[in-house]
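Just so it is clear, none of the values below were taken in a lab; they were calculated from the coordinates. Quick caveat, the model's predicted, so the values are computed rather than measured. Here the Cβ positions follow ideal geometry from the backbone for every residue, glycine too, while neighbour counts run over all protein chains shown.
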Amino acid sequence: MPRRIRLRERLLMSHLVVIAIGAATVFVAVGLVAPGAFDAAMGHATGDGAAGMSEMMGGLIRAAFEDAVQTALVVAVVAAGLAAIVVSAALSTRLSGPIARLAAASRRIANGRYAERVPVASSDEIGQLAESFNRMAESLESTERRRLQLVGDVAHELRTPLATLDGYLEGLQDGVIQPTEPTWKLLRGETARLSHLVNDLQELWRAEARQLPLSLTTVDVTAELDGVRERFAGQAQEHGIELRLDLPAGPLSVRADRERLAQILDNFASNAIRYSPAGASVVLAASAHQDEVVIGVVDQGPGLTEEQRERVFERFYRVDPSRSRALGGSGIGLAIARALAEAMDGRAWAESESPGRGSTFRLALPKAGPR
């Protein structure tokens with residue numbers, strides 16, 4: 001297998017080619033111009049070129065001049081070539097060094113060392129390339145960290161229902177537990193919990209990969225929020241919570257998938273009712289902006305810290321793990337909501353002044369154009 005020519009060698013050879021072409025050009029130019037210039041100068045100095053100088057003497061002087069010029073050219077070209085080689089070698093090393101470090105770092109990242117970074121020594125194109133490389137490496141490291149966390153979270157979420165199922169099935173097999181209706185109901189509940197978790201994970205993956213089929217149409221936001229209030233009226237009444245609408249007078253329409261929009265709003269409303277204390281109110285609001293409509297679900301729950309606002313849309317993240325598990329849910333509903341919002345070219349985020357002062361979950365979608 002032939003040896004690969006390194007970038008530094010390629011740069012050096014390209015510089016040598018330029019030096020050789022420049023030297024040849026100088027030789028040809030001087031060889032063509034110098035004799036004529038010499039004759040013109042000598043003729044100007046002696047009038048017609050005959051006074052005070054014989055023809056033989058003129059020939060000897062011309063030959064001596066040409067030898068001197070050629071010798072000076074050779075010495076100058078050799079000196080310039082040596083200097084150019086040194087400078088070219090230094091420049092080639094300076095240019096190829098950062099690229100070689102990038103190549104070595106990329107190989108280490110390919111082997112799974114995602115914490116690899118390269119130094120940024122300049123602000124030119126190579127420095128910008130190094131900055132882009134470091135951002136890419138940071139993104140890969142973050143993705144790998146989330147992947148490992150997802151595997152651990154899924155294993156943790158599956159462990160509890162599987163342990164319950166295994167324990168009850170072993171008890172049924174040994175005759176310790178009787179096959180009563182409550183027992184079968186509990187087993188069915190645990191299998192339903194597993195199925196729900198698997199379905200949520202599949203939907204989250206498809207939403208983040210933008211592989212969910214979406215039917216984007218013009219959707220009336222006012223009608224959708226009124227539908228949310230009707231669907232959750234019984235649950236809100238059971239918890240002693242008032243559901244209110246805060247909508248502008250004019251029509252509000254967005255470009256969205258009606259079913260996916262309802263899924264996002266149902267998730268927001270369900271969480272708001274779940275975490276709000278009895279006697280509180282949950283407000284379903286919407287407002288029109290220049291090119292989008294912002295929908296908000298405002299609760300009077302425990303609120304969120306700044307860190308929690310950033311992480312609440314992560315998979316399996318729970319503000320209060322013990323309380324959240326007691327209240328049910330797979331812990332990825334908000335992650336699905338954000339993925340669905342982005343799949344519809346929208347945004348989803350959380351707002352909260354401080355813990356204890358409630359939260360607002362917002363969804364922004366593109367405003368629908370004229371029909």
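Summary table below
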| read-out | value |
| --- | --- |
| Percent breakdown of C-alpha pair distances by 5 Å bin, ordered from the shortest bin, for region 216-366 | 2, 10, 20, 24, 22, 15, 6, 2, 0 |
| Alpha carbon centroid spacing (whole Å) that separates region 206-252 from region 81-110 | 59 |
| Two-site FRET efficiency, residue 263 against residue 104, from Cβ-Cβ distance with R₀ of 41 Å, rounded to 0.05 | 0.30 |
| Electrostatic dipole magnitude of region 125-208 [Cβ: Lys, Arg +1; Asp, Glu -1; Cα centre; debye, to 20] | 200 |
| Backbone HN-Hα couplings from phi across region 171-183 [Karplus 6.51/-1.76/1.60, Hz, Gly and Pro as x] | x, 5, 5, 7, x, 6, 10, 8, x, 8, 4, x, 5 |
| Amide H contacts under 5 Å for residue 281, placed H, 5+ residues apart | 242, 300 |
| Cut-off under 5 Å, modelled amide H: who pairs with residue 286 long-range | 246, 296 |
| GluC sites (Glu not before Pro) lying in DSSP loop within region 330-362, provided at most 11 other Cβ fall within 10 Å | 353 |
| In region 189-228, trypsin sites (Lys or Arg not before Pro) in a DSSP loop with at most 11 other beta-carbon atoms within 10 Å | 210 |
| In order through region 190-207: 3J(HN,Hα) via Karplus (6.51 cos²θ - 1.76 cosθ + 1.60), integer Hz, x for Gly, Pro | 5, 5, 5, 5, 5, 4, 5, 5, 5, 5, 5, 5, 5, 5, 4, 4, 5, 5 |
| Residue-wise HN-Hα coupling along region 79-86, computed from phi with Karplus coefficients 6.51, -1.76, 1.60 (Hz; x: Gly, Pro) | 5, 5, x, 4, 5, 5, 4, 4 |
| Under 5 Å, built H, 5+ apart or other chain: amide partners of residue 332 | 316 |
| FRET efficiency, residue 290 to residue 214 (Cβ-Cβ, R0 30 Å, nearest 0.05) | 0.80 |
